[in-house]
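Peer 1: Dropping a structure here in structure tokens format, bear with me for questions.
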Amino acid sequence: MIKSYGQTIDKKYFSELNIINEDNVSKKIFIKAKTGFADSYITSNHMENLAHAFKAQGFSFELVKFSNFNKI
């Protein structure tokens, strides 16, 4: 992803994704963005790219929707 998008995008968006859960049986990783903006940006621009990156490692993924509900 760094080669495709550069260090700035990788550091700001991809590196800050949190792994919520990893299901080794189904080979699926659940990730979540740290902010609503990052969630929206990734959803709008990089879902297909992330799918390819995870698939190359033998996994699928799900981006868990960001919510401010628990931060109020």
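Peer 1: Can you name the condition, by its number, that S44 falls short on among (1) more than 10 Å from the chain's Cα centre (by Cα); (2) part of a strand (DSSP E or B)?
Peer 2: (2)
Peer 1: If you check every pair at least six apart or on different chains, which have Cβ atoms under 6 Å apart with a residue in the stretch 31-50 that is farther than 17 Å from I2 by Cβ first and a residue that is in a helix (DSSP H, G or I) and charged (D, E, K, R) second?
Peer 2: A33/D39
Peer 1: Yes or no: F59 surrounded by 13 or more Cβ atoms within 10 Å (Cβ to Cβ) and over 12 Å from the mean Cα position of the chain (by Cα)?
Peer 2: For F59, the condition - surrounded by 13 or more Cβ atoms within 10 Å (Cβ to Cβ) and over 12 Å from the mean Cα position of the chain (by Cα) - is met.
Peer 1: Which condition number in (1) modelled with pLDDT of 95 or more; (2) outside any helix (DSSP H, G or I); (3) of a type outside the set (S, T, N, Q) is the one that F66 fails?
Peer 2: For F66, the failing item is (1).
Peer 1: State all residues of the stretch 5-36 that are surrounded by 12 or more Cβ atoms within 10 Å (Cβ to Cβ), assigned to a helix (DSSP H, G or I) and not basic (K, R); if no residue qualifies, say none.
Peer 2: Of everything in the stretch 5-36, those that are surrounded by 12 or more Cβ atoms within 10 Å (Cβ to Cβ), assigned to a helix (DSSP H, G or I) and not basic (K, R) turn out to be Y5, I9, D10, Y13, F14, G36.
The values are calculated or read from the model by the stated rules, or taken from the named source; none is laboratory data. Everything quoted here is computed from the prediction, not taken from an experiment. Methodologically, a virtual Cβ is constructed for each residue, glycine included, from the backbone with ideal geometry; neighbour enumeration extends over all protein chains shown.
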